[in-house]
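Only one structure is covered here, and it is reproduced in the block below.
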Amino acid sequence: GKGKGKGKGKGKGKGKDGKGSDDGGDDKGKGKGKEPKNVDGEDADLANEGEPAAKRAKGGDRARNDIWREAGTWELSNEAYEAYYQKQAVCPAEDWPKLMQALRTGLPVAVRINRNRLGAQGLIERLQEMRETCTGDEVREQFAPVHLTWFPREVAWQWPGLERRVVKKDKRMTQLKDYLMERERAGLISRQEAVSMMPPLFLDVKPEHMVLDLCAAPGSKTSQILELMHWTNPGEEPKAPRGMVLANELQWKRANMLAHQVARLGSAAAGVVNIDAQFFPELWQRKETGEVESLRFDRILADVPCSGDGTMRKTPYIWKSWTLKDGLSLHIRQLSILYRGLDLLKIGGKIVYSTCSLNPVEDEAVVAAALHRHQGAIRLCPAPDLPGLKAAGGVDTWFIQDEEKGPQYQCWADVPEAKRSGKGKLMPSMFPPVGEGSAEVLASVKANCRRALPHLMDTGGFFVACFEKVGDLKPTARAKRDERWERKQAEKAKAAAAAGEGEGTQPATGGAEASASAAAAENEASSDDEAPVSKAATEEAGGAAAVPSGPPSGLKRITREYVPIAGTELWSELKEFYGFPDSAALNFVKRSDTVQRIFLISDGLAKLLQCEVKMPTRMVLCGVLALEKATSSHVDACELRLSQQGVGALCQMGLKRHVTASREFLLRLMREKELSYEEVNTAVAAGQVKGWSNIKWKNDQVRPGSLALSLFPEEAGNGASLVVVAEATDGTLELAVNSAVDTATFIEELTCQPTVDQILAAAANATAEDNGEDVNMAGDDAEDDGGEADVSENA
């Protein structure tokens, strides 16, 4: 509800709908406010991935951080929900009991391994061993993971016998929980719901692609796309992708959480912006000739806000809060985001539309409306061949119902006039299309869309469809209005100038963005919260403008936060000390408010930063932190030292102060923290260190300062690498990794993963009776899995 209290104990609090008091319990106040909704089409409440859904929703409170905490009080049924979906026939009638049974059980734990990290292969081998060891063991059967065969290269795993809430609360899971948490902090794994991994696989991303994630928070799909861009074939050396992944999020706080999530990967191709996806601005790039053209993306992911009624296995309060209006209220926004994504997509590019809802009005209706409107310009792509993936196809018939006991409208013609206007009105795009080409549209929707149903693979519910743009889009009505308005404004300005009254005036602009789009973007650039969307923007499905006919006047740089350092004294100093190639000048930027941190960006992000827009965007992250101000430095060293976060990316782009070493030498340095030059020279003579001459200068002396130290490629294998920052001083080589946790992680990656018995030690030594309480619901959830109470992944 909306009532809030002031902590545990005797604190009292008031809410809009009622009063609440805390008398020794955990209640935060009572009210009649509606339950918060899942609106993001994303995996829920994992570590380090955004703000809790209940906390974001109006009326949420801290008690909701553990939504299963009082799971025994949730009634896992909703007559309206069950009646609606049974009539919509989203699954065969004979499978309906299985679907309902699955929705009433908790969601299994699933993880995705980052195969670009050195410990990835060792972790895969340990999970294989865990499966073999625990399968058939009466005590440890639940710990046997299953490889998700439909995800390439054996990096996705799920524990069918372990529910997420059990791992959180059961003391017998302590070692397993800690094991997963440590590897997540190190960027080795991402805990992500299995079906949430589907959309990036439908995108077919390549390293050179310009990718846009329109609704990215909390970031698990963005991270997955980045990892895919860094993948190499066996035997190939790791290469930095030339493209980029631009992740967008509307809410400022969630955008910062998103940036934190993707920064763990250390990729120079990652960018985060803070914009309303419906009004994502037109990007203009200037050619050497001075001409201006639009920048278009190769791949776009539109994982749109949704009702989230496919996530009941992890968000049980939806059983109580779900209503028929949930999906209807989001339809226009979803369609508008998809239309804007299609505008921004280049011809030949692909866009994936996805939700974590089972509702056809949020799924097939949106897809069919876009297909029908842009017939001949877009088409649905067949689902990729992913062996082992079990999902239903789309539906080609559905009805619209807005009242629990009201009529079910089969087509727009059935809708009474009173329902066609005002608040909560129904729209033609909600219904199956009619007219020319409608039969072909519905046949394509049924054949090419995929709906993951919980009982098919023991997952949550999900919907995904992939479009390819094959021609120019049909202009929207709004685009036509804007073009007429632009012409009138230009004519007025021209007339004023001819009369001698136009000096200093500028013709108003529309072009790429509708006036409503520009206003919304301006609001977001100056506010931390969601900007209000104008009535005009929501009156028409697909409010974003189509491809503009020409650039508007008054263009500005896309962002003020990040500034290139090419041509500055700082760049000259960095190039001389670290040996960066001249061609990398545009790949280094700094924050506009400081020179203490330098970021490395990919060629794709460098291209983006040269773009211009009507209103500057709010950029939260651009690339990876590569260099930072040293607390103290040698007189002959550069004041900016290498950052552990970006040192791997720097090595891939041509860092000269780069030394390689054997596993034995790296382990010794990490354990002893520093080695004398005499010991290093001995290792050089023994072939344990190579490239030591890269950091020498006058009279063949070692030049003090920061350097990268990496494992021999032949010892790393599988395209993975381990790179650490070291410091050359007067006579010693010192490890510059400040975090003891990071050092321990590196040592483990160089040695081996813990044994299965060590990982599951708590399970072997504890029993449910030892816990003294219901193991499924034990404890308080003030601190989340990732050790940070305010950064749980959102639903």
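The values are calculated or read from the model by the stated rules, or taken from the named source; none is laboratory data. Computed from a prediction, not measured in an experiment: that's the story for all the values here. All Cβ positions, glycine included, derive from the backbone under ideal geometry; neighbour counts span all protein chains shown. Ligands, DNA and RNA are excluded from the accessible area calculation, which covers all protein heavy atoms including side chains. Shrake-Rupley method; radii C 1.70, N 1.55, O 1.52, S 1.80 Å.
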Quiz item: Scanning for something touching a Lys or Arg at 6+ places or on another chain (Cβ under 8 Å) and touching a residue at least 40 places away in the same chain (Cβ under 8 Å), does the stretch 674-691 turn up at least one residue?
Solution: yes
Exercise. Would you check if Gln192 is open to solvent by less than 10 Å² (accessible area, probe 1.4 Å) and over 22 Å from Gly341 (Cα atoms)?
Key: yes
Quiz item: Of these, Leu338, Leu342, which one is open to solvent by less than 10 Å² (accessible area, probe 1.4 Å), in a helix (DSSP H, G or I) and under 17 Å from Leu250 (Cα atoms)?
Solution: Leu338
Exercise. Answer yes or no as to whether Leu328 is assigned to a helix (DSSP H, G or I) and open to solvent by 20 Å² or more (accessible area, probe 1.4 Å).
Key: yes
Exercise. Scan Leu188, Leu203, Leu148, Leu214 and give me the residue that is in contact (Cβ under 8 Å) with a residue 60 or more places away in the chain and touching a His at 6+ places or on another chain (Cβ under 9 Å).
Key: Leu203
Quiz item: Residues in the stretch 641-652: is at least one over 26 Å from Phe746 (Cβ atoms) and in contact with a helix residue (DSSP H, G or I) (Cβ under 9 Å, 6 or more places away or on another chain)?
Solution: no
Quiz prompt | Positions within the stretch 75-128 being part of a helix (DSSP H, G or I) and under 30 Å from Leu667 (Cβ atoms), in sequence order | solution = Ala120, Gln121, Gly122, Leu123, Ile124, Glu125, Arg126, Leu127, Gln128
Quiz item: Could we say that Tyr353 is within 26 Å of Met210 (Cβ to Cβ) and not in a helix (DSSP H, G or I) here?
Solution: yes
Quiz item: Which one of these does Gly72 not meet: (1) open to solvent by less than 60 Å² (accessible area, probe 1.4 Å); (2) more than 30 Å from Leu667 (Cα to Cα); (3) in a helix (DSSP H, G or I); (4) at pLDDT below 90?
Solution: (1)
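Of all residues being hydrophobic (A, V, I, L, M, F, W, C) and open to solvent by 10 Å² or more (accessible area, probe 1.4 Å) in the stretch 610-637, which is farthest from Glu282 (Cα to Cα)? Just the residue, please.
Selected residue: Val635.
Residues checked against (1) in a strand (DSSP E or B); (2) modelled with pLDDT under 85; (3) open to solvent by 30 Å² or more (accessible area, probe 1.4 Å); (4) aromatic (Phe, Trp, Tyr):
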position: Glu727; (1), (2), (3), (4): yes, no, yes, no
position: Asp730; (1), (2), (3), (4): no, no, yes, no
position: Leu733; (1), (2), (3), (4): yes, no, no, no
position: Phe746; (1), (2), (3), (4): no, yes, no, yes
position: Cys752; (1), (2), (3), (4): no, yes, yes, no
position: Gln758; (1), (2), (3), (4): no, yes, yes, no
position: Ala763; (1), (2), (3), (4): no, yes, no, no
Quiz item: Which condition number does Gly437 fail, the rest of (1) open to solvent by 70 Å² or more (accessible area, probe 1.4 Å); (2) on the phi > 0 side of the Ramachandran plot being met?
Solution: (1)
Quiz prompt | Residues located in the stretch 218-231, provided they are open to solvent by 10 Å² or more (accessible area, probe 1.4 Å) and assigned to a loop (DSSP other than H, G, I, E, B) | solution = Trp231
Exercise. Tell me, please, whether a residue that is open to solvent by 30 Å² or more (accessible area, probe 1.4 Å), within 19 Å of Leu127 (Cα to Cα) and under 17 Å from the mean Cα position of the chain (by Cα) can be found in the stretch 198-217.
Key: no
